[in-house]
Amino acid sequence: MFDSPDDHFDENSHKVNINLAKGTLLRDTEKRVPVEKINISSPQPRIVEIKDIFSGKRNELLTSNGAVIIRGHNIKLTGDDPSCGLWFVGNNTEIKAEIISENKPSTLIAVIPTLEKGQYQLKVVTQYSSSKMLKTTKICVYPVVLTVL
């Protein structure tokens, strides 16, 4: 397992295991597997890591009125639904980030709004899809609780 999106392969902690030989049983079974076309929905947004720029801490702290780098997948903020955006959820409130300086499918950089001390989670709401604008929103709430001191 990798510790962060910037982590690289290290042979002391990672392992590659390849097994390519198919036996007779697998080849025979492969011929009998029914094939069915399915329609899949566009991938959900997913946050992988949050870095507070002021403190340099990852997945730990947020600095009120500071800035944050969010890395993930399908997190680009697009859509005309008023709920679309980056939200700081905590202390019985949801506060939307008003300034987004980088808005890409895998990276968001935003100014953290004024937040009271406490525990927060980040929520991304978007209508982004790599191929088209979605009619409905997709939501990702990052499960790691972050602290504002």
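Of all the numbered requirements in (1) touching a residue at least 60 places away in the same chain (Cβ under 8 Å); (2) within 16 Å of Ile69 (Cβ to Cβ), Tyr128 misses one, and that requirement is (2).
Just one of (1) assigned to a loop (DSSP other than H, G, I, E, B); (2) open to solvent by 70 Å² or more (accessible area, probe 1.4 Å); (3) not aromatic (Phe, Trp, Tyr) fails for Arg27. It is (1). Selection within segment 30-45: residues that are open to solvent by 100 Å² or more (accessible area, probe 1.4 Å) and of a type in the set (A, V, I, L, M, F, W, C). The member of this set that is nearest to the chain's Cα centre (by Cα) is Ile40.
Annotation: of all residues in segment 13-28 being closer than 23 Å to Asp3 by Cα and not polar (S, T, N, Q), the one that is farthest from the chain's Cα centre (by Cα) is Ile18.
Here's the yes/no breakdown for (1) free of Cβ contacts under 8 Å to residues at least 60 places away in the same chain; (2) in contact with a Leu (Cβ under 8 Å, 6 or more places away or on another chain); (3) of a type outside the set (Val, Ile, Thr):
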{"residue": "Ser13", "(1), (2), (3)": "yes, no, yes"}
{"residue": "Val16", "(1), (2), (3)": "yes, no, no"}
{"residue": "Leu20", "(1), (2), (3)": "yes, no, yes"}
{"residue": "Gly23", "(1), (2), (3)": "yes, no, yes"}
{"residue": "Ile47", "(1), (2), (3)": "no, yes, no"}
{"residue": "Ser55", "(1), (2), (3)": "yes, yes, yes"}
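Of the strands (runs of 3 or more DSSP E) lying entirely inside segment 46-149, those carrying at least 3 residues that are open to solvent by 40 Å² or more (accessible area, probe 1.4 Å) are 46-52, 93-96, 100-103. Kindly establish whether Ser13 is assigned to a loop (DSSP other than H, G, I, E, B), among the polar types (S, T, N, Q), more than 23 Å from Pro113 (Cα to Cα) and open to solvent by less than 50 Å² (accessible area, probe 1.4 Å). Answer is no for this residue. Restricting attention to segment 91-115, the residues that are of a type outside the set (Val, Ile, Thr) and either within 21 Å of Pro5 (Cα to Cα) or touching a residue at least 40 places away in the same chain (Cβ under 8 Å) (or both) add up to 10.
The values are calculated or read from the model by the stated rules, or taken from the named source; none is laboratory data. Bear in mind the structure is a predicted one, so any value in this text is a computation, not a measurement. Virtual Cβ from ideal backbone geometry, glycine too; neighbours counted across all protein chains shown. SASA here: full protein model, heavy atoms, side chains in, ligands and nucleic acids out. Shrake-Rupley method; radii C 1.70, N 1.55, O 1.52, S 1.80 Å.
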